[in-house]
Structures are given as C-alpha cells and as structure tokens.
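**Student:** Structure incoming, see below.
The values are calculated or read from the model by the stated rules, or taken from the named source; none is laboratory data. The structure presented is a predicted model; accordingly, all values stated were derived computationally and were not measured. Every residue, glycine as well, gets a Cβ built from its backbone with ideal geometry; the counts of neighbours run over all protein chains shown.
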Amino acid sequence: MVKDSRKLVVEYGVLSKQESGYRGGNQCEKTVSGTNFTMDANDYYSDNRSSESGEISIDEDWLDVKSAADLADYVLYGFSFPSILANLHVLYASYKLYHRTFDPGHMLVASLTSADALTCAMHQLYVVLSRFVMSQSHVLLSAQMFLTWVSYSASGFSLLLLNVEKFLYFYCPLHYASTVTGRTALTAIAACWTLCTVYAGALLFWAASDCGSDFCLVPNQTMFYWYVILFSILPVLSSAFLSTYLWFVVKAIRRKTQGVTVSTGQQLKTNVFIFTVTAWVVLSWLPARGHYIFLLEDTSLSSAWFGLIANYVLLLSPMVNPILTILVDTNYRVFTKKTLVSMQSQYKRLSRSINVTEETYKLSHYPTLLSHKLQRPDFATIVEISF
C-alpha cells in the first residue's frame, strides 16, 4: 500500500534501464528493467513515500519485481568494479600481444573490450545517478544514455568483426595476409565506432527534442526499434552464423591434424575463444532484445519477471566477457599467468629488500643504540637520587 495521490503508471517491456530514458518536469520515469514506474520527480527516489492526499493500492508481486531489480542493481554495481579491472587488463594484454605478433585480431579484441569497459562504467554511473545523487545533472544523464548506446552497439559490431576476421582466415587463406592487416583492422574499427556514435547521437538528439520545456530523455520509439534491430540483433545473429560455420570448419580441420601448421593451430585455438564469447553474447543479448521486440505490450507479471532477468543478464554480458577472454584464449591466459608470476616475484623481491634494509639499519646503528642503552639509568637509580 502506497499512500500518494499521484498515479503510478506501469509500462512493460522497456529494455535495459540504462537505455530506457528519463523523464523530467512534473513526471519522471523510473525503470525496473522490464517495468517502468512513472511518478512525480520529487518522488523519484522514494517510491513508498507517504502523503496526506490519498492512497494507491499496489500488488505485492509488482513490489517484489521492483525489490529484485533494486537488489540486482547493487550486486551488479559491486561486480562492475573487478570487471572494469579485468577489462583494463585485457586491453593491456591485447596491446602487448599485438606489438609482439602484429596479429590484427588483438586490435579487434581491444575494440570489444573497450566497449565492454565503457558499458560497465556507464552502469556504475547510472546506479550513482539514480540511487545516490539527489540532484540530477542533465549533462550527466545525457552522457550516460549516449555512451551506453554507443558501447552496446560497438560491442556487437566488434564481435562481428572478430568473426569476419577468422572467417577470412579459413575461407581465403591465400589472400588473408594481404587483406587483413593492422591498417584494415584499424579502419574497420574506426568505421564501426563512427557509425555507432553517429546513430547514437541522432537517437539522443530526437530523444531530447521531444521533451518540450521540461527535461526528459526518452528515445524515439521507431528509431530505438531500428537501433535494436540493426545495432544489436543483426550483428549478434550474424556473429552466431559465422561462428557456427567456423566451428564446423575447425572440426573438419582437426580431423586432419597431420597437415596443420603452427599458425593454423594457433588460429584454431583462437576460434574456440571466439565461439565461446559469441555463444555467451547470443545467450545474454537476444532474450532482452526479443523481449523488447515481441513482448513490449505484454502486461503480465511473468513478462515483467522475464524482462527483469533478461535485462540484467544483458548487463552481466560485458562483465563476463573479459573473464572468458582470460580463461579461454590461450594467448591471454598465458599472458595473465606470466603477469601474476611477475607480480609475485616482484613482491617477494620488494619484501626481501625491505628486510635487508631494516637489518642494515640495525647493524649500522647498533653501537649508538648500545651506548644509549648503557647510559640510560635504571628505575632504581632514579628513585635513590630523588630521595
């Protein structure tokens, strides 16, 4: 039971909370993943705030959905910190590995990891703005929405580029070295991020231009629909198709292991990593995107629960990707192991040098310390002198 005269509007099927939008002025919209609670702006942070005007009866099942969404917000907020560190480590590893091998695939991994790190950072910003900051900054809200759209779309296209790169290696190996170079990979990455930035900018412009005098940030439904289709579903489905095709190619090549060169064997191991990441992205992205496409008008409680779970799995996707990269890809796993061993050896060397420094200090100052100890009168002597 919520005592308030203001109407609580429940809208189902909106995508991830970071992407759904903000409403200002007399009303603002608080999204609970698959459910949007629209209420007055001064009631944005306290949904159960009482007033003397009246009361609205709310089903406890819907409050359970909201409580689950609040709990998931804080859990993912805490998990995003180590995830950002893992993404930064993968970025550093891809930089080192590229300068060691000049493999364009590491540049594509860096692009995917950059998008994932940006998505995690934007989720942190969203939680801070919606949970801990009482005064909303229009600039921060707009930046958070814009960068979230860019990061999700760039992540999908970067995964597609990874699959295309491996497809070219196995489909036309004779022309691979001349076609897929560092320059072409960098050009493809720049084109990918530019396209995502331009469309997200247009989406932000029309989202902010429909608000009138009050500030709000709600994307145009038609443009956002095409954003979901072209920048989320299409790249992921294309990646799934290419990755499945490459999986069968890899199985066929492994049956003929005698003629496999070292470079081909390395590409086979890398393809296992790409297939694993693609499978995880398909499982984590498509349910949430399908919920928006097909269940937007569904007002059932089961649809709300499905949307909540699907949207938080979508948020979990960029946090798990760097862990899969470190665990599955041989190059990054070996690099991480060497980094940890190097850090451990440096720690032991540092602690050993500190101990040696302490012992040297004690030995060098031992005569002085001994003389001070001999010259120091004991307590009995002090008592005799005083009396």
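**Student:** Count, please, the residues in segment 272-297 that happen to be outside any helix (DSSP H, G or I) and either modelled with pLDDT of 90 or more or buried (at least 16 other Cβ atoms within 10 Å of the Cβ) (or both). Quick ask: steps written out before the conclusion?
**Tutor:** Let us first name the residues in segment 272-297 that are outside any helix (DSSP H, G or I), namely 295-297.
Now narrow it down to the ones that are either modelled with pLDDT of 90 or more or buried (at least 16 other Cβ atoms within 10 Å of the Cβ) (or both): 295-296.
The total comes to 2.
**Student:** Give the residues of segment 140-199 that are of a type in the set (D, E, K, R) and surrounded by 15 or more Cβ atoms within 10 Å (Cβ to Cβ), sorted by residue number. Let's see the steps before the verdict.
**Tutor:** We begin by selecting, within segment 140-199, every residue of a type in the set (D, E, K, R); these are 165-166, 183.
Listed by number, the residues that qualify are E165, K166.
**Student:** Something else about it: Could you say whether any residue in segment 172-182 is touching a helix residue (DSSP H, G or I) at 6+ places or on another chain (Cβ under 8 Å), assigned by TED's automatic domain parsing to the domain that holds Y292, under 29 Å from Y292 (Cβ atoms) and of a type outside the set (S, T, N, Q)?
**Tutor:** No.
**Student:** Still on this model: Within segment 224-271, how many residues are closer than 22 Å to S158 by Cβ and at pLDDT 70 or above?
**Tutor:** The total comes to 27.
**Student:** Moving on to the next point. What number goes with the only condition from (1) in contact (Cβ under 8 Å) with a residue 60 or more places away in the chain; (2) closer than 17 Å to M107 by Cβ that S130 does not pass?
**Tutor:** Against the list (1) in contact (Cβ under 8 Å) with a residue 60 or more places away in the chain; (2) closer than 17 Å to M107 by Cβ, S130 comes up short only on (2).
**Student:** Starting from segment 98-109, take each residue that is within 14 Å of R183 (Cβ to Cβ) and in the same structural domain as W193 (by TED's automatic domain parsing) and list its partners that are surrounded by fewer than 21 Cβ atoms within 10 Å (Cβ to Cβ) and of a type in the set (S, T, N, Q), counting only C-beta distances under 8 angstrom and pairs at least six apart or across chains.
**Tutor:** P104/T181; P104/T184
**Student:** Given the structure, is A310 at pLDDT 90 or above and touching a Pro at 6+ places or on another chain (Cβ under 6 Å)? Can you show your working first?
**Tutor:** On the way: at pLDDT 90 or above: yes; touching a Pro at 6+ places or on another chain (Cβ under 6 Å): yes.
So A310 passes the test.
**Student:** In segment 56-111, which residues are part of a helix (DSSP H, G or I), over 14 Å from N331 (Cα atoms) and small (G, A, S)?
**Tutor:** Those that are part of a helix (DSSP H, G or I), over 14 Å from N331 (Cα atoms) and small (G, A, S): S67, A68, A69, A72, G78, S80, S83, A86, S111.
**Student:** Restricting to segment 173-191, name every residue that is among the hydroxyl-bearing types (S, T, Y) and in contact (Cβ under 8 Å) with a residue 60 or more places away in the chain.
**Tutor:** Of the residues in segment 173-191, the ones among the hydroxyl-bearing types (S, T, Y) are 176, 178-179, 181, 184, 187.
Hits for segment 173-191 are T181, T184.
**Student:** Moving on. Is it true that R131 is surrounded by fewer than 19 Cβ atoms within 10 Å (Cβ to Cβ), modelled with pLDDT of 90 or more and either touching a Phe, Trp or Tyr at 6+ places or on another chain (Cβ under 9 Å) or assigned by TED's automatic domain parsing to the domain that holds W285 (or both)?
**Tutor:** Answer is no for this residue.
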